[in-house]
Amino acid sequence: SMDLAVYIWKKRIPLLIITFVAGIISIIAFLMITPRFKSSVVIFPTIQTSVSKSLLMNDYSWNFQEFGEEEQVETVLQILKSDKIRDKIITRYNLMEHYGISPNEAHPNFKVNSYYEANFTFKRTEFNSVVINVMDADPQLAMDMANEIATLVDTTFWEMRQARAKKALEYVQAEYDSVTKVVAELKDCVHGFNKKGII
């Protein structure tokens with residue numbers, strides 16, 4: 001340890017200069033960094049089932065006001081990470097311009113998507129809730145985007161269910177039209193027998 005102390009004492013001037021220069025560079029870098037603000041929203045997924053159906057059931061063991069389990073949390077996380085929500089936020093808040101990305105430069109969509117992934121995080125908590133974190137230099141914009149994403153979860157989920165219901169309606173309508181056609185043919189057949197005097 002004495003040898004180390006002697007060595008440091010001999011090299012004290014270069015070490016002081018390096019420490020001073022590193023301190024100056026750190027201060028300059030600190031002043032050049034734009035401060036970013038974090039906005040967080042916590043959402044609790046619910047069990048996705050028909051409330052009216054649960055109220056009409058004779059078995060009252062299930063509470064429609066319960067929060068969702070692991071499956072519902074994973075569904076919400078997948079919706080949050082979907083391209084649909086990402087593209088809506090990028091378009092609605094014009095994030096390409098906000099992040100200083102020119103549409104004419106090389107791979108602008110890749111760059112804005114990279115910024116999005118760096119500044120928007122979604123994670124599950126130990127209490128089966130989902131935290132939406134948004135980082136931005138503008139605190140008001142960070143808050144608005146976090147709240148907008150929380151709203152878009154419900155909207156996107158509703159749109160997905162509506163699309164599935166529309167497809168089901170198309171199948172039911174096709175089946176209904178087919179049965180209606182058969183009934184009409186049977187009525188024509190019976191009407192033909194009636195004309196021949198067969199009751």
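Somewhere in region 124-133, is a residue touching a residue at least 12 places away in the same chain (Cβ under 8 Å), on the phi > 0 side of the Ramachandran plot and open to solvent by less than 50 Å² (accessible area, probe 1.4 Å)? Within region 124-133, one or more residues are touching a residue at least 12 places away in the same chain (Cβ under 8 Å), on the phi > 0 side of the Ramachandran plot and open to solvent by less than 50 Å² (accessible area, probe 1.4 Å).
LYS84 meets the conditions (1) at pLDDT below 85; (2) open to solvent by 80 Å² or more (accessible area, probe 1.4 Å) in every case but one. The failed one is (1).
Out of the residues in region 28-42 that are among the hydrophobic types (A, V, I, L, M, F, W, C) and closer than 25 Å to GLY100 by Cβ, state the one that is modelled with the highest pLDDT. For region 28-42, the residue satisfying everything is PHE37.
The residue pairs whose first member lies in region 22-35 and is touching a residue at least 60 places away in the same chain (Cβ under 8 Å), whose second member is surrounded by 10 or more Cβ atoms within 10 Å (Cβ to Cβ) and of a type outside the set (S, T, N, Q), and whose beta carbons are closer than 9 Å, counting only pairs six or more residues apart or on different chains, are THR34/ALA137; PRO35/ALA137.
Residue-by-condition table, conditions (1) open to solvent by 50 Å² or more (accessible area, probe 1.4 Å); (2) over 12 Å from the mean Cα position of the chain (by Cα); (3) among the hydroxyl-bearing types (Ser, Thr, Tyr):
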site: ASN109; (1), (2), (3): yes, yes, no
site: ASN113; (1), (2), (3): no, yes, no
site: ALA118; (1), (2), (3): yes, yes, no
site: ASP136; (1), (2), (3): no, yes, no
site: GLN140; (1), (2), (3): yes, yes, no
site: ASN147; (1), (2), (3): yes, no, no
site: TRP158; (1), (2), (3): yes, yes, no
site: ARG164; (1), (2), (3): yes, yes, no
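The values are calculated or read from the model by the stated rules, or taken from the named source; none is laboratory data. Predicted model, so just to flag it, every value in this text is computed and none were measured. Positions of Cβ are generated from backbone atoms using ideal geometry, with glycine treated the same way; all protein chains shown enter the neighbour counts. Protein only, heavy atoms only, side chains kept; ligands, DNA and RNA dropped before computing areas. Shrake-Rupley method; radii C 1.70, N 1.55, O 1.52, S 1.80 Å.
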